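Before any comments, here is the structure.
The values are calculated or read from the model by the stated rules, or taken from the named source; none is laboratory data. In this text, all values refer to a predicted model and were calculated from it rather than measured experimentally. Don't worry about glycine lacking a Cβ; one is built from the backbone with ideal geometry, like all the others, and counts go over all protein chains shown. SASA here: full protein model, heavy atoms, side chains in, ligands and nucleic acids out. Shrake-Rupley method; radii C 1.70, N 1.55, O 1.52, S 1.80 Å.
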Amino acid sequence: MSKQVLIVGGTSGIGRELAATYARQGASVIIAGRDSARAEKIAAEINTEVNSTHYVRGIQADLSRPEILKDALSGIEHIDSIVLTGMRRDNNTIAAYDIAGATELAIAKIVGYTTVVHTLRSRISPTGSVLLFGGLAKDVPYPGSTTVTTVNAGVTGLVATLAKELAPVRVNAIHPGMVGDSPYWAGNQPAVEAARARILTGAVPTMRDIVEGSVFLLENPAANGVNLDLNGGHA
């Protein structure tokens, strides 16, 4: 049986790149997103890219609606690796606090991530792994980052508890900074250059950098309970 990988948030950006990487290696990949039609469309695109008709399939799984995840994931009988990269953008200041936006992000990234793992816990291979996505804001807050900073810091807590509860399944997290060629930042050259000035290497990380770090955490049998910061060194 080929390796089975689930990527929740795999319809764009880093998640999509990671799905394509595993598909090229011959893994069976399930990408999940809020919209089933989009997930199926992206899956078909990746299959075309890797010259396959079956490596990747798309399903609907909305992390901000954890109550539907049991049914959404019911078709998965066995899984080797789970990647939880789905998130919501939330530029939310205390002066103009958007309760609905903050609630959606907190539910998606804390309750949603945990619910996926809870739902699939008995179907994860004993040699399998779980990868959570956090972010640089856990250590470097900025005006409007209160919710983002809090939930990304919460990801480190999830790694600590899940690694113990799921053992021997490994659990790690990756915390990127700005990813210059990601769909959110590509084309915003002023912001990318401003970030470059704060990065010790002078090189803004790329999606390929984050994918390679993700594969390391997912595949290296000694990597467990790790929170890996990938930002080029933030000054």
Please count how many residues of region 15-71 are among the small types (Gly, Ala, Ser), open to solvent by less than 30 Å² (accessible area, probe 1.4 Å), assigned to a helix (DSSP H, G or I) and free of Cβ contacts under 8 Å to residues at least 60 places away in the same chain.
5
Only residues that are part of a helix (DSSP H, G or I), over 15 Å from the mean Cα position of the chain (by Cα) and under 21 Å from residue 228 (Cα atoms): list them for region 103-136, please.
none
Please go through region 72-91 and pick out each residue that is buried (at least 20 other Cβ atoms within 10 Å of the Cβ) and among the polar types (S, T, N, Q).
81, 85
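Give me the residue from region 110-152 that is among the basic types (Lys, Arg) and modelled with pLDDT of 95 or more and, out of that set, most open to solvent (accessible area, probe 1.4 Å). Don't jump to the end; show me each part of the working.
Here is the first cut: in region 110-152, the residues among the basic types (Lys, Arg) are 121, 123, 138.
Checking which are modelled with pLDDT of 95 or more leaves us with 121, 123.
Details: 121: 131, 123: 55 Å².
In this case the residue turns out to be 121.
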Check on residue 5, in contact (Cβ under 8 Å) with a residue 12 or more places away in the chain, open to solvent by less than 70 Å² (accessible area, probe 1.4 Å) and either small (Gly, Ala, Ser) or touching a Gly at 6+ places or on another chain (Cβ under 9 Å) (or both):
no
Give the residues of region 50-94 that are among the β-branched types (Val, Ile, Thr) and under 24 Å from residue 211 (Cα atoms), sorted by residue number.
50, 53, 56, 59, 76, 79, 82, 83, 85
Residues being among the aliphatic types (A, V, I, L, M) and out of contact with any Ser or Thr (no Cβ under 9 Å at 6 or more places or on another chain): count how many of those fall in region 77-97.
4
Failed condition for residue 175, given (1) assigned to a loop (DSSP other than H, G, I, E, B); (2) surrounded by 15 or more Cβ atoms within 10 Å (Cβ to Cβ); (3) modelled with pLDDT of 95 or more, with all others met?
(1)
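Looking at region 10-20, can you tell me whether even one residue there is at positive phi and over 16 Å from the mean Cα position of the chain (by Cα)? Talk me through it step by step, then tell me what you get.
Residues of region 10-20 at positive phi: 13.
So of that shortlist, the ones also over 16 Å from the mean Cα position of the chain (by Cα) come out as none.
For region 10-20, residues at positive phi and over 16 Å from the mean Cα position of the chain (by Cα): absent.
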